[in-house]
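Computed from the coordinates by the stated procedures, all read-outs in this text should not be read as laboratory data. Note that this is a predicted model, so its numbers are computed, not measured. Backbone-built Cβ (ideal geometry, glycine too); neighbour counts: all protein chains shown.
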Amino acid sequence: MSSTLYIHRSKLLNNLNAVKDKVGDSVKCMAVVKDEAYGHGMVQVAKYLHDKVDWFCTAKLVEALELRKNGIENEILVFEIPPEGSEQQYLDFNITASISDLSVFDRLKAGTKAHLHFDTGMFRLGMLPDELSKALEEMKASDLNYTGIYTHFANSDVKHHPRVKEQLRTFNSIRSQFPRELMTHTANSGAIFYYGDESLYFDAVRPGVCLYGYAPGSDEIAELEPVIEWKSKLVQVKKIRQGDMVGYGSKWTAPEDGWLGVVPVGYADGIFRGLTNNFQVKLNSVPVPEVGTISMDYFMVFINRTKPEIGDEVTILKNHELSAKNWAKKIGTIPYEITTAISPKIERVYLD
Ligand SMILES: *Cc1c(COP(=O)(O)O)cnc(C)c1O
């Protein structure tokens with residue numbers, strides 16, 4: 001193995017507990033494990049969390065079916081619009097469908113569990129406020145098993161954003177038209193941690209990125225800690241001299257004599273090429289800079305003191321210091337994109 005991803009389950013649990021502390025005991029937790037649990041491994045994460053959360057949420061039906069195949073019995077909400085022809089599977093596998101479009105009412109099979117999804121200003125999935133009366137009619141005329149209603153915020157990753165309150169107001173007026181029994185949920189990680197005083201927890205919350213240890217926005221959240229640790233080993237070590245130029249395009253020139261360590265991890269593994277000459281790793285717990293253009297399967301590090309050895313341990317991501325969040329800041333993205341880009345072919349090892 002060129003590298004290994006260690007997933008620290010105790011940290012996953014700490015992050016979950018931070019959510020629970022924030023929202024209180026009466027609010028259910030719907031853990032979002034879409035897209036391989038943001039790269040951490042959906043089935044393993046769900047197996048660990050199944051008795052600690054109420055629900056799981058996935059992006060796609062196929063993910064929910066994968067959870068069922070692996071013995072997960074929790075309620076599962078699927079966010080996507082049910083793919084044509086998949087309707088019977090929702091019923092057969094006791095999976096809750098999202099009704100985000102009026103066309104879905106007629107397609108789902110009698111008795112299928114469903115959550116109504118209203119678009120209150122995100123303008124992605126969901127029925128628009130204008131479609132409310134049509135939705136109420138469809139609901140009365142159908143024989144589905146309605147168990148919930150929700151919306152999704154477009155700006156909750158930013159504190160004090162006025163659009164969050166506007167969406168909440170719109171949602172509350174829609175919500176008031178439906179039976180009280182419907183389980184109501186709106187909050188993603190940003191809403192949970194940045195909008196705790198806005199009465200938007202309702203009956204359940206949908207934490208995603210915070211479970212994996214990242215604040216959703218630029219305001220840090222002290223209670224969270226990254227769950228992932230990514231390690232590799234030097235596969236080659238060589239002497240380089242001042243003036244030697246490293247990697248494709250010779251984009252880095254050695255400022256002094258030293259050693260170059262070759263790490264067998266590259267952009268095909270999920271280290272964005274845009275991080276070239278712009279991040280650090282640890283070599284046997286000493287920080288060293290990545291140097292030269294990151295290539296598909298390798299990057300290099302420069303060491304100017306003690307000579308490294310083949311097999312020396314390289315820590316690529318760990319805790320806050322070597323965090324996907326730092327990478328995200330450097331290349332203008334979010335930690336979600338960093339962790340979901342880590343190649344599924346890299347071995348995941350789950351630690352307690
Ligand atoms: C992804 C997603 C979430 C979780 O969002 P985070 O920002 O990761 O907490 C919640 N709800 C919906 C509808 C989503 O698509």
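Which pairs in the list K11/K60; K34/K113; K60/K113; K109/K134; K159/K318; K11/K34 are over 21 Å apart, alpha-carbon to alpha-carbon?
Details: K11/K60 26 Å; K34/K113 19 Å; K60/K113 16 Å; K109/K134 19 Å; K159/K318 27 Å; K11/K34 19 Å.
In this structure, K11/K60; K159/K318 exceed 21 Å between Cα atoms.
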Could you tell me the calculated FRET efficiency between K109 and E131, based on Cβ-Cβ distance and R0 = 25 angstrom, to the nearest 0.05? 0.65
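Suppose the chain between K329 and E223 were pulled fully straight at 0.36 nm per residue; how much longer would it get relative to their current alpha carbon spacing? Walk me through the intermediate numbers first.
Numbers: separation 106, 0.36 × 106 = 38.16 nm, distance 2.00 nm.
So the extension gain works out to 36.2 nm.
Calculate the dipole size of the chain relative to its Cα centre from +1 charges on Lys and Arg beta carbons and -1 charges on Asp and Glu beta carbons; express the result in debye to the nearest 20.
Numbers: 40 positive and 46 negative charges, 179 e Å.
That gives the chain a dipole magnitude of about 860 debye.
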Using alpha carbon centroids, what distance separates the stretch 137-154 and the stretch 181-254, in Å? 33 Å
Using label points projected 7 Å from each Cα along Cα→Cβ, tell me how many nm separate D143 and S343, to one decimal. 5.2 nm
Mind checking the angle between helix 132-141 and the chain's longest principal axis? C-alpha axes, 0 to 90 degrees, to the nearest 10. 70 degrees
For K28, list the aspartates and glutamates whose Cα falls under 12 Å from its own Cα; do not include residues on the same chain fewer than 8 positions away. D54, E75, D203
Virtual spin-label span in nm between K47 and E313, 7 Å along Cα→Cβ: 2.5 nm
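Ranking I72, I331 by Cβ neighbours within 10 Å, fewest first, what do you get? Intermediate results must be reported in sequence, preceding the final value.
Numbers: I72 19, I331 15.
Exposure proxy ranking, most exposed first: I331, I72.
Using helices alone, what [θ] at 222 nm do you get for the chain, with -39,500 (n - 2.57) per DSSP H run of 4 or more residues, divided over all residues and rounded to the nearest 500?
Numbers: 11 runs with 92 residues, N = 352.
That calculation yields -7000 deg cm²/dmol at 222 nm.
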Excluding residues fewer than 8 positions from K251 in its own chain, the lysines with Cα under 22 Å of it are K238, K239, K282, K329, K330
If each residue's Cβ is checked for other Cβ atoms within 10 Å, how do M139, M183, M30 rank with the fewest at the top? M139, M183, M30
If you fit an axis through the alpha-carbon atoms of helix 9-23 and take the longest principal axis of the Cα set of the chain, what angle between them do you get, 0 to 90°, nearest 10? 40 degrees
Across the stretch 3-8, in residue order, what do the Karplus-derived ³J(HN,Hα) couplings come to in whole Hz, using 6.51 cos²θ - 1.76 cosθ + 1.60 with θ = phi - 60° and x for Gly and Pro? 7, 9, 9, 9, 10, 8
